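The values are calculated or read from the model by the stated rules, or taken from the named source; none is laboratory data. Treat the numbers as computed from the prediction; the structure is a model and nothing was measured. Don't worry about glycine lacking a Cβ; one is built from the backbone with ideal geometry, like all the others, and counts go over all protein chains shown. Accessible surface is based on the protein model in full, side chains and every heavy atom, while ligands, DNA and RNA are left aside. Shrake-Rupley method; radii C 1.70, N 1.55, O 1.52, S 1.80 Å.
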Amino acid sequence: MSKEKFEFKRSFFDNDFNLAFISILGLPFILIKKGSLDLTFGSIIFTIYSLIIYFSLSNVFKIIIFNNETELINVFGRKKLIPNSKISFSEEYYKKEAKDFVIHTRKLKIQFPNNKITIYKDDQLNYNELVAYCKEKYVQANTKKINSQFYLISASIICFGIYFLILTKNCFKEKKHDNLESIQKFGYVKIEGTFNDYKNIGRGSSQILIHLEEYPEFEFSPNDFSQNQSTYYDKLNMKGKKITFYISPNEYKKKIQKSIPLKFYDKYFEYNEITIYKLQ
């Protein structure tokens, strides 16, 4: 290999996507609820996380320009020689505003198949030499090149996220169907417990989760809370008070009695929540 002429490196902290990745590093912990994996918001978290990870990793690389060839080293250390015919460049005037003055300079954009670097004249000592090299070795282009790999991978991640979202909706449909079917066959199951506390969730506190001392693993969610808020608030006014719920035989047998094996959607989609159909 010939002697190295120029080197450019993009580190982890050289772009906003990496900083965004760090800022949401703890986001996946939302999927852990009372010690159980809950995939209710998995589709959203997967899509956001996957896109940011891809954007971050694709922007960490090193470019080494030799006399007659160019080498790309990705974030994993994999080296790839790029033919000069697949590398294009463009140069244009650039106005950089400072506090009290404006700098008129030039900037050089070098476009590789899936990566791009931008060099400013006042930041690069051998800028003129680099421009001369580009004019000699690379293809001059004034039109923006489309990074097909970028769009293909991004679209694939989004499509998988949509599939995950559809799966989530279907899982909740199956859970609801199982509950209603068991109620039709066997009627409601009566649960008595000691009221501990409750918390409001949803827009405008449209949903409530009730905690009973006897069942600390679970949160009880009324399916008719929005229509009967005053009834629930009247009943849930004192800690230690005995209250009675009516739930489906399906959730009673699977979650409390544990006499029926959990299905996939029972285990990974709001396992800790049990629907209340009546309050006494």
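Quick check on the range 80-93. Is at least one of its residues in contact (Cβ under 8 Å) with a residue 12 or more places away in the chain, open to solvent by 60 Å² or more (accessible area, probe 1.4 Å) and in contact with a Pro (Cβ under 9 Å, 6 or more places away or on another chain)? Yes; the residues of the range 80-93 include at least one that is in contact (Cβ under 8 Å) with a residue 12 or more places away in the chain, open to solvent by 60 Å² or more (accessible area, probe 1.4 Å) and in contact with a Pro (Cβ under 9 Å, 6 or more places away or on another chain). The residues of the range 264-280 that are assigned to a loop (DSSP other than H, G, I, E, B) and either modelled with pLDDT of 95 or more or open to solvent by less than 60 Å² (accessible area, probe 1.4 Å) (or both), listed by number, are 269, 270, 271, 272, 277.
Looking only at residues in the range 163-216 that are closer than 24 Å to residue 228 by Cα and part of a loop (DSSP other than H, G, I, E, B), the one that is least open to solvent (accessible area, probe 1.4 Å) is 187.
Only one of the numbered conditions (1) touching a Phe, Trp or Tyr at 6+ places or on another chain (Cβ under 6 Å); (2) within 23 Å of residue 42 (Cβ to Cβ); (3) hydrophobic (A, V, I, L, M, F, W, C) is violated by residue 269, and that is (1). Would you please name the residue that is least open to solvent (accessible area, probe 1.4 Å), looking only at residues in the range 118-138 that are part of a helix (DSSP H, G or I), closer than 19 Å to residue 103 by Cα and touching a Lys or Arg at 6+ places or on another chain (Cβ under 7 Å)? Here the answer is 127.
The rows are residues; the columns are (1) of a type in the set (Val, Ile, Thr); (2) in a helix (DSSP H, G or I); (3) surrounded by 18 or more Cβ atoms within 10 Å (Cβ to Cβ).
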| position | (1), (2), (3) |
| --- | --- |
| 29 | no, yes, no |
| 43 | no, yes, yes |
| 46 | no, yes, yes |
| 52 | yes, yes, yes |
| 55 | no, yes, yes |
| 63 | yes, no, yes |
| 73 | yes, no, no |
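Entry remark, the range 217-242: residues being open to solvent by less than 80 Å² (accessible area, probe 1.4 Å), more than 17 Å from residue 193 (Cβ to Cβ) and either in a loop (DSSP other than H, G, I, E, B) or in contact with an Asp or Glu (Cβ under 8 Å, 6 or more places away or on another chain) (or both) number 4 in total.
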